[in-house]
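A short write-up of the structure that comes next.
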Amino acid sequence: MKSTIQLVPGIIRRHRFAKFALLLGLSFASYMFFSRLVVTAVEVRGSSMSPTLVSGDMLIMNRFATIAHAPQRGELVVLKDPETGDLVVKRIIALPEETVQMSLDHVYVNGKALSEPFLNSGKKARAGAPGPATVVPKGHFYVLGDNRNNSTDSRSFGPVPRENIVGVINL
């Protein structure tokens, strides 16, 4: 003798709907996790990073990179401006416990001129007035805009604490 089972169509539909709703919920949750905690699309506004970045450029900010490794010299980072709280893009020039000195035509880190091939020759000439050396405190980074004539950066607000760095821009 055989046993057979007859399924009621309403139950099948409810199970399909529940699976579909669960799939949608998990998809939305993974999208939110990925887009808020791993990568985020950002738009550049302003000219402080010209010529490397120009106003209107759309970029991907990698939030995970700041967790995976310490920020490195030369990286483009998105940070909270210590004065305004706005998100801004700057380049890391000096690491914690390094010494930075600005002259009219160069940036010196630990007494050595920093190679900055990303600057226009016209932008390089106005890096800042000769000034005293700044020692970057532990847990802080010295950041500058690539457009030195038109950038609010560590020259005005000082070295930035690591917790203000929210992501890395990979070009």
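The values are calculated or read from the model by the stated rules, or taken from the named source; none is laboratory data. Predicted model, so just to flag it, every value in this text is computed and none were measured. Cβ coordinates were reconstructed from backbone atoms using ideal geometry, including for glycine residues, and neighbour counts include every protein chain displayed. Heavy atoms of the whole protein, side chains included, go into the accessibility calculation; ligands, DNA and RNA do not. Shrake-Rupley method; radii C 1.70, N 1.55, O 1.52, S 1.80 Å.
The table that follows gives values for the structure above.
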item	result
Centre separation in Å (Cα based) which lies between the stretch 150-171 and the stretch 87-121	12
Using a Förster distance of 22 Å, the FRET efficiency for F157-A68 (Cβ separation, nearest 0.05)	0.25
Zero-based 10 Å bins, Cα pair distances in the stretch 41-171, whole percents	13, 47, 35, 5
Solvent exposure ordering (accessible area, 1.4 Å, most first) of E116, E43	E43, E116
Proximal lysine pairs, the stretch 43-171, alpha carbons under 24 Å, eight or more residues apart or interchain	9
